[in-house]
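Reading through the structure tokens given below for one structure.
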Amino acid sequence: PLLLVQIMSFYNYHVFFCINQREPGEGCCANFNARQVRDYAKKRIKELGLHGAGGVRINMAGCLGRCEQGPVVVVYPEGTWYTYVDEEDIDDIIEQHLQQGKKVERLLLD
């Protein structure tokens, strides 16, 4: 018989924002104020009391390899990829995905 073991993560969700800056003229997430949007997400998670062990961790990442679809953010453990335009999109990801466990279909990347 197959024994399945569920391994609990330190965080319920780990969210990575690409903040990569490429050479001038090349597309990159930094061109979309990715660092500021990541800072906003981190602030909102703290305001909502979702940060820390068993909650949500917001991190910066270097290039995630999808700059042509940028800006990008990936949510683990599912490995769900999103793009965003503004802070309202981030609010939707926080509310729907991180609080309710539902993917934000309109922001999903293939």
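The values are calculated or read from the model by the stated rules, or taken from the named source; none is laboratory data. Note that the structure is predicted; figures quoted are calculated from it, not measured. Backbone-built Cβ (ideal geometry, glycine too); neighbour counts: all protein chains shown. Ligands, DNA and RNA are excluded from the accessible area calculation, which covers all protein heavy atoms including side chains. Shrake-Rupley method; radii C 1.70, N 1.55, O 1.52, S 1.80 Å.
Please give the FRET efficiency for Ser9 paired with Val85, using the beta carbon to beta carbon distance and R0 = 41 Å, rounded to the nearest 0.05.
That pair, Ser9 with Val85, gives E of 0.90.
Per the 1.4 Å probe, what fraction of the accessible area of the chain, in percent, lies on carbon and sulfur atoms?
Taking all protein chains in place, the chain shows 50 percent carbon and sulfur surface.
Simple spin-label model, 7 Å along Cα-to-Cβ: Glu68 to Glu95 in nm?
3.4
Calculated FRET efficiency, Leu108 and Asn59, Cβ-Cβ r, R0 22 Å, to nearest 0.05?
After rounding to 0.05, the efficiency reads 0.65.
Lone cysteines in the chain, going by a 4.7 Å Cβ-Cβ cut-off?
Isolated Cys, the chain: Cys28, Cys63, Cys67.
For Lys42, which aspartates and glutamates qualify as cross-link partners when the Cα separation must be under 12 Å and same-chain residues fewer than eight apart are set aside?
Candidates past the 8-residue exclusion: Glu87, Asp91.
Can you pull out the GluC sites (Glu not before Pro) in region 41-89 whose DSSP state is coil and whose Cβ has at most 13 other Cβ atoms within 10 Å?
Taking region 41-89 and a limit of 13 other Cβ atoms within 10 Å, the loop GluC sites (Glu not before Pro) found are Glu78.
Return one whole number: the accessible area per residue of the chain in Å², for a 1.4 Å probe.
62
With both bridge residues required to lie in the chain, what share of the DSSP beta bridges run antiparallel, to the nearest 5%?
Roughly 55 percent of the beta bridges in the chain run antiparallel, per DSSP.
Could you state the angle between the C-alpha long axis of helix 34-47 and the longest principal axis of the C-alpha atoms of the chain, as a value from 0 to 90 degrees rounded to the nearest 10?
Between the helix axis and the principal axis of the chain, the angle is about 40 degrees.
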